[in-house]
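One structure is given below, represented as structure tokens, and several questions about it will come after.
The values are calculated or read from the model by the stated rules, or taken from the named source; none is laboratory data. This structure is a prediction, so every number in the text was calculated from the model and none was measured. Neighbour counts run over all protein chains shown; Cβ positions are idealised from the backbone, glycine included.
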């Protein structure tokens, strides 16, 4: 890739990040002013000066926008690369999930602030993660041909994501590469703790 192409790609990514942050910031502002349940996607779009189509290109729901969580579905290319990889299963799973999830720097704080507000929204948010990990489980089982090993791997991955999600500041895990590294580190810590269990 030539330098001009790289600069264009970098500018495009910065603009996408700016749009994502603007939608999130407007969503949070409205939720704090009017209440989580009262805010609509239409109002968020008006405040962010975007179309509904643009909104859903960045966030699948109001709850995702307020909490600053972007989940991207797995592409066929990602699926094929994972299935044919010769790397470590857990490391490859961490890389895959990190490529699908984008967190804002205040996700956990907002989750705690609004957790009591809208059960339906939280159910919707949880269903997105459930679908992602269901897809990952299927891929892990296809790759290993071992249902038990696949279940263990996904269970560790979910546990690691919960650990990473409760880091005091999510600013450290915003990038795909850093989230991947954090997930791998958490899995190693979980493994080290498991080794201390008495026989």
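Only one of (1) within 18 Å of residue 132 (Cα to Cα); (2) modelled with pLDDT under 90 is not met by residue 38, so which one is it?
Checking residue 38 against (1) within 18 Å of residue 132 (Cα to Cα); (2) modelled with pLDDT under 90, the one that fails is (1).
May I pose another question? Does residue 31 satisfy being on the phi < 0 side of the Ramachandran plot and surrounded by 14 or more Cβ atoms within 10 Å (Cβ to Cβ)? Reasoning before the result, please.
Working: on the phi < 0 side of the Ramachandran plot: yes; surrounded by 14 or more Cβ atoms within 10 Å (Cβ to Cβ): yes.
So residue 31 fits the description; yes.
Among the residues of the stretch 130-160, write down those that are over 15 Å from the mean Cα position of the chain (by Cα), surrounded by 13 or more Cβ atoms within 10 Å (Cβ to Cβ) and within 14 Å of residue 83 (Cα to Cα).
Of everything in the stretch 130-160, those that are over 15 Å from the mean Cα position of the chain (by Cα), surrounded by 13 or more Cβ atoms within 10 Å (Cβ to Cβ) and within 14 Å of residue 83 (Cα to Cα) turn out to be 137, 138, 139, 140, 141, 143, 144, 146, 150.
Among the residues of the stretch 57-97 satisfying the criterion of being under 17 Å from the mean Cα position of the chain (by Cα) and free of Cβ contacts under 8 Å to residues at least 12 places away in the same chain, which is surrounded by the fewest Cβ atoms within 10 Å (Cβ to Cβ)?
Only one residue fits best here, namely 75.
When you go through (1) modelled with pLDDT of 95 or more; (2) crowded, with 17+ Cβ neighbours inside 10 Å one by one for residue 100, which number turns out not to apply?
(1)
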